[in-house]
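The values are calculated or read from the model by the stated rules, or taken from the named source; none is laboratory data. Predicted model, so just to flag it, every value in this text is computed and none were measured. Please note: Cβ atoms are built from the backbone with ideal geometry, for glycine as well, and neighbour counts cover all protein chains shown.
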Amino acid sequence: MTFAARSWLRPERPGSPEMITDPAERRAIVIELFLVFGITLGLSGVRSLLSLVDSLLRPVPLSQQQVALNVPQAAASLIDLLKQLLSVIQLLGWGALGLYLLWRAGVKLAAIGLDKRSPRRDVAWGFGLAALIGIPGLVLYFVGYKLGFNLAVLPSTLGDTWWRPITLTLSAFGNAFAEEMLVIGYLLTRLRQLGVRENSSLVGAAVLRGSYHLYQGFGGFVGNFVMGLVFGRLWQRTNRLWPLVVAHTLLDVVSFVGYALLKNSLSWLP
């Protein structure tokens with residue numbers, strides 16, 4: 001590892017919020033956490049759990065069931081496009097909500113790694129992180145699928161329209177922005193303010209990340225739990241959030257757009 005890489009991995013917490021000791025403020029943060037995740041990714045986690053239970057109760061094995069991620073939302077092409085864009089806006093709104101609440105609490109965005117201090121390095125690390133997570137993640141998915149622990153995941157069932165690659169790319173960024181802002185930037189910062197230990201925060205955030213992927217099967221939970229551990233620890237060590245957003249976006253773009261382009265050419269794809 002080069003000196004530059006070691007320096008970048010050294011813990012840096014510019015303006016990191018101090019632990020809050022006032023009982024009223026601590027109680028307010030706890031309530032805030034329940035409210036935020038009760039209408040965003042926490043609710044998605046409960047729904048995913050119910051979806052998995054429903055799949056397990058069916059007489060058909062998991063590997064013979066399918067779940068689609070990006071699906072048509074209307075019969076008319078224009079209306080479908082607008083509804084796809086609204087879904088992206090909702091995801092961006094979730095992430096922005098977490099950032100806004102931190103900003104209102106006096107936490108600077110630079111403190112969670114959203115400054116413009118090193119954009120090229122952030123992008124480079126994002127590409128490297130995507131490769132580190134993406135290849136083993138793909139192998140884990142197919143192993144779980146073959147063993148019967150996963151449903152057949154269809155990243156996209158959208159028709160062949162001119163706007164399909166655009167909306168899939170925007171959807172990839174929306175997913176990345178919402179998840180990394182809420183699960184890493186927002187949640188881990190709030191848990192630091194509450195004085196929760198770093199390892200406990202890390203595991204809790206990773207469990208949350210895995211929970212809203214349970215609809216894909218047990219492999220979906222495990223793969224995203226591991227991804228959560230890697231992403232969370234990297235952020236705790238560096239306080240850089242942009243590389244996580246870049247990596248997550250790349251992973252989803254390859255999954256969504258790549259599947260849409262190759263599903264009719266590769267017989268082994270679900």
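In table form, for the structure just shown:
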| quantity | calculated |
| --- | --- |
| Residue in segment 116-129 that is within 24 Å of LEU101 (Cβ to Cβ) and free of Cβ contacts under 8 Å to residues at least 40 places away in the same chain present | yes |
| Residues of segment 25-62 classified as touching a Leu at 6+ places or on another chain (Cβ under 7 Å) and either in a strand (DSSP E or B) or modelled with pLDDT under 95 (or both), total | 1 |
| Condition met for VAL207 (of a type in the set (A, V, I, L, M) and over 25 Å from ASN70 (Cβ atoms)) | yes |
| Residue check for ASP115: in a loop (DSSP other than H, G, I, E, B), among the acidic types (Asp, Glu) and out of contact with any Ser or Thr (no Cβ under 7 Å at 6 or more places or on another chain) | yes |
| Residue ID - farthest from LEU91 (Cα to Cα), chosen from residues in segment 1-24 that are of a type in the set (Asp, Glu) and at pLDDT 50 or above | ASP22 |
| Sole residue being of a type outside the set (Ser, Thr, Tyr), buried (at least 17 other Cβ atoms within 10 Å of the Cβ), at pLDDT below 95 and closer than 24 Å to VAL71 by Cα, chosen from GLY95, GLY144 | GLY144 |
| Residue check, LEU81 over 28 Å from ILE29 (Cα atoms), part of a helix (DSSP H, G or I), in contact (Cβ under 8 Å) with a residue 40 or more places away in the chain and touching a Phe, Trp or Tyr at 6+ places or on another chain (Cβ under 6 Å) | yes |
| Among (1) closer than 26 Å to SER87 by Cα; (2) crowded, with 19+ Cβ neighbours inside 10 Å - the single one LEU191 does not satisfy | (1) |
| Subset of segment 147-156 that is touching a helix residue (DSSP H, G or I) at 6+ places or on another chain (Cβ under 6 Å) and not in a loop (DSSP other than H, G, I, E, B) - its residue that is farthest from ASN70 (Cα to Cα) | ASN150 |
| In segment 161-174, the residues that are part of a loop (DSSP other than H, G, I, E, B) and either free of Cβ contacts under 8 Å to residues at least 60 places away in the same chain or crowded, with 23+ Cβ neighbours inside 10 Å (or both) | TRP162 |
| Complete set of residues in segment 48-78 that are touching a residue at least 60 places away in the same chain (Cβ under 8 Å), under 20 Å from SER171 (Cα atoms) and of a type in the set (A, V, I, L, M) | VAL67, ALA68, LEU69, VAL71 |
| Some residue of segment 69-88 being under 21 Å from the mean Cα position of the chain (by Cα), over 19 Å from TYR212 (Cβ atoms) and crowded, with 17+ Cβ neighbours inside 10 Å | yes |
| Unique match (being farther than 24 Å from LEU251 by Cα and outside any helix (DSSP H, G or I)) among ALA110, ALA75 | ALA75 |
